[in-house]
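*Asks:* Before anything else, here's the structure in question.
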Amino acid sequence: MLRTVNRVLLGLLGLGLFALGGGVLLGGLDLPRRWDFGMPGWWPFRGPDDVVLGTEGRTRWRGEGWWWPTVIAVLAVLLALLLWWLLAQRRHRLGGVLVDSEDGAAARLDGGTLEDAIEEEAQALDGVSRAHVRLTGRSTAPAARVRLVLEPHADPARTLGRLGRETLAHARDSAGLDSLPSKVRLKEVRHHARRRVG
């Protein structure tokens, strides 16, 4: 989904810049007069002596009370959209993993299904309170980011060893992958102190 949105946005941006640059180039080279064709009436840049935004266009709305709040609101919305888009790039998750079906054709395993399977098996490990798994990378070479919340009695080294030898190994083998590089973050669950009343 994110890849499709990126392609559409980049395509629209490229198309808009191409149209804008082409229109300015036509006016700058005075091609409408030379080739005897007309530009649209709303287009401001029709000849080499024209400017894209004249004095009247720059100062037309300054006296209106709604002008500056509108400009600030539009810029704030654009900034929020750009920040959302930037954060979405960092949160990219793998949609699917290509699995060798051993008959010459590749099958696609849903990334969310594999994440759920790893989470379920990781949470079954002794001393694990919660697990969160996210697959990243390419469909042919995925990587796993694992966050485990451990109970106070858990042995981190033992839990980490079992996660690698059992849980992640099962996921790697079931998907037919040569390797499944993983980054694991361990965190201990916090228990609030109890107070006696009375």
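Each reported figure results from applying straightforward, stated rules to the coordinates on display, with no laboratory input. Everything numeric in this text was worked out from a predicted model, so none of it was measured. Note that we place each Cβ from the backbone using ideal geometry, even for glycine, and neighbour counts take in every protein chain shown.
*Asks:* Pull out a ≥ b ≥ c, the square roots of the eigenvalues of the alpha-carbon gyration tensor of the chain, then state rounded if a/c is under 1.5, prolate if not and a/b is larger than b/c, and oblate in the remaining case. Each step should come with its number before you reach the end.
*Replies:* Numbers: a/c = 5.60, a/b = 2.01, b/c = 2.79.
Oblate, since a/c reaches 1.5 and b/c is not below a/b.
*Asks:* OK, next. If one takes the longest principal axis of the Cα atoms in the chain, at what angle in degrees, from 0 to 90 and to the nearest 10, does the Cα axis of helix 67-90 lie?
*Replies:* Once rounded, one gets 40 degrees.
*Asks:* Starting from 0.36 nm per residue, how many nanometres of slack lie between residue 140 and residue 61 once their C-alpha separation is accounted for? Numbers along the way, then the final one.
*Replies:* Values: separation 79, 0.36 × 79 = 28.44 nm, distance 5.52 nm.
In short, 22.9 nm is gained.
*Asks:* Please identify the longest segment of the chain free of exposed GluC sites (Glu not before Pro), where exposed means a DSSP state other than H, G, I, E or B and no more than 11 other Cβ atoms within 10 Å.
*Replies:* Segment 103-198 is the longest.
*Asks:* Ranked from highest to lowest mean number of other Cβ atoms within 10 Å per residue, what is the order of the peptides 69-77, 179-187?
*Replies:* Working: 69-77: 10.3, 179-187: 14.3.
Highest to lowest by the protection proxy: 179-187, 69-77.
*Asks:* Roughly how many nanometres apart are two label points built 7 Å out from the Cα toward the Cβ at residue 166 and residue 13?
*Replies:* Reported label-point gap for residue 166 and residue 13 is 4.7 nm.
*Asks:* Roughly what angle does helix 2-28 make with the longest principal axis of the chain, taking Cα atoms, 0 to 90 degrees, to the nearest 10?
*Replies:* 20 degrees
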